[in-house]
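> The structure is given below, and queries will be raised subsequently.
The values are calculated or read from the model by the stated rules, or taken from the named source; none is laboratory data. This is a predicted model, so every value here is computed, not measured. Don't worry about glycine lacking a Cβ; one is built from the backbone with ideal geometry, like all the others, and counts go over all protein chains shown.
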Amino acid sequence: MERNPSKLVTIFGGSGFVGRYVVRALAKGGWRIRIAVRRPDLVGHLQPMGGVGQIAPVQANVRHAGSVAAAVEHADVVVNLVGILAETGRQTFEAVQDQGARTVAEAAKAAGVARFVQMSAIGADPEGAAQYARTKAAGERAALGAYPDAVVVRPSVVFGPEDDFFNRFAQLAKLSPVLPLIGGGHTRFQPVYVGDVGAFTAAAVEGTIAPGTYELGGPDVRTFRELLEMMTAITRQRRRLVSLPFGLAAFQAKLLSVLPNAPLTPDQVELLKSDNVVSTEAEREGRTLAAAGIEPRSLAAILPTYLWTYRRGGQFAEPGSAA
């Protein structure tokens, strides 16, 4: 990546799962990075990724326009990575993924920022049954309304050491002898490695890919059942996979949704009714990782590097041992 010592990028949500990989890639490229987060005091782990003074956290909340306007001042590029998987208090889908994206994009435009990158998700749909999907689509519209030449990034399920997918089910397997296959486990996913998403987003910041909406997926398309089977094989957790009809899953999710950090929400059940893979149109038009010259890394290459922590006996457990 070409070094840009004089260039400044503001990243909203830069302390999150995907954000830390975007920060790492841009820091290597020499960018000055302003990380706009609600809690700047919790961003210290990112600053060693760059040189002294290269990475600076600032307080900003996408629900508060004044803090957003201050965070984008003098930036050359703005990246909005802010998103939620479940609602908590004032952090609602509409406030964060719809209105929040609009606030960031409009503030960037008003500040004269040259480029804008919006993180969305495969499955974003203004007519979708899930509120997550509808508000992701609304965020895209807001970004493109302010920046018709924006880059919109739509990944499938993102995996990596800090992910909330494989880690969540591996942790659940430590507590239960049974894992649920919602809707029978037939939903297809195309998991994409977080490092590849970070590198692609950095390329969008650099301006080395054309404006447009890109769908990011890895080399493996697997059903929900196949992903859980792969996970339990790596962790050596012998667990029974039990089909859970969508109706029953939605009922259970409604009961669980009152809990803090609920393991499943009705909205997530709704999302599982549709495949989460790169579209044939995006493949045909080259709106994928290939646009940035990225060869996606496979599940088999990455999952064992962090899921071994769930094995009984750890990384050096004898082959064949199981929990």
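> Looking at Leu42, Leu26, Leu46, which one is of a type in the set (A, V, I, L, M, F, W, C), under 16 Å from Thr201 (Cβ atoms) and modelled with pLDDT under 95?
Leu46
> Okay, moving on. Restricting the first residue to the stretch 29-46 and requiring it to be under 14 Å from Gly19 (Cα atoms) and of a type in the set (Asp, Glu), which pairs with a second residue that is assigned to a loop (DSSP other than H, G, I, E, B) and modelled with pLDDT of 95 or more meet a Cβ separation below 9 Å and a spacing of at least six or different chains?
Cβ pairs passing all conditions: none.
> So, in the stretch 68-95, exactly how many residues are at pLDDT below 95 and of a type in the set (A, V, I, L, M)?
Of the residues in that region, 3 qualify.
> Can you find even one residue in the stretch 217-234 that is under 16 Å from Ser120 (Cα atoms) and buried (at least 24 other Cβ atoms within 10 Å of the Cβ)?
There is at least one residue in the stretch 217-234 that is under 16 Å from Ser120 (Cα atoms) and buried (at least 24 other Cβ atoms within 10 Å of the Cβ).
> Across the stretch 228-261, what is the number of residues that are assigned to a helix (DSSP H, G or I) and closer than 17 Å to Arg311 by Cα?
Residues meeting the conditions: 8.
> Turning to a different aspect of this structure: Would you point out the residue of the stretch 240-269, among those that are more than 26 Å from Ala124 (Cβ to Cβ) and β-branched (Val, Ile, Thr), that is surrounded by the most Cβ atoms within 10 Å (Cβ to Cβ)?
Here the answer is Val242.
> For the condition modelled with pLDDT under 95 and touching an Asp or Glu at 6+ places or on another chain (Cβ under 8 Å), what is the one hit in Ala138, Ala142, Ala114, Ala129?
Ala129
> Consider Gly100 carefully, then state whether it is surrounded by 18 or more Cβ atoms within 10 Å (Cβ to Cβ), more than 20 Å from Pro211 (Cα to Cα) and of a type outside the set (Ser, Thr, Tyr).
Criteria met by Gly100.
> Restricting to the stretch 218-272, and then to whatever is β-branched (Val, Ile, Thr) and either touching a Phe, Trp or Tyr at 6+ places or on another chain (Cβ under 7 Å) or touching a residue at least 24 places away in the same chain (Cβ under 8 Å) (or both), can you tell me which residue is nearest to Arg90 (Cα to Cα)?
The qualifying residue nearest to Arg90 (Cα to Cα) is Thr265.
> Return the pairs, sorted by first residue and then second, in which the second residue is in a loop (DSSP other than H, G, I, E, B) and of a type in the set (Ser, Thr, Tyr), the first residue lies in the stretch 114-126 and is farther than 17 Å from Gln99 by Cβ and touching a residue at least 24 places away in the same chain (Cβ under 8 Å), the beta carbons are less than 7 Å apart, and the residues are 6+ apart or on different chains.
Cβ pairs passing all conditions: Ile122/Ser156; Gly123/Ser274.
> Right, another one. Hey, any hits in the stretch 102-123 for a residue that's hydrophobic (A, V, I, L, M, F, W, C), closer than 19 Å to Val158 by Cβ and in contact with a Lys or Arg (Cβ under 6 Å, 6 or more places away or on another chain)?
Yes.
> For the stretch 149-164, name all the residues that are modelled with pLDDT of 95 or more and under 16 Å from Leu272 (Cα atoms).
Pro155, Ser156, Val157, Val158
> Condition first: over 22 Å from the mean Cα position of the chain (by Cα) and not hydrophobic (A, V, I, L, M, F, W, C). Now tell me which residues in the stretch 172-185 satisfy that.
Hits for the stretch 172-185 are Lys174, Ser176, Pro177, Pro180, Gly183, Gly184.
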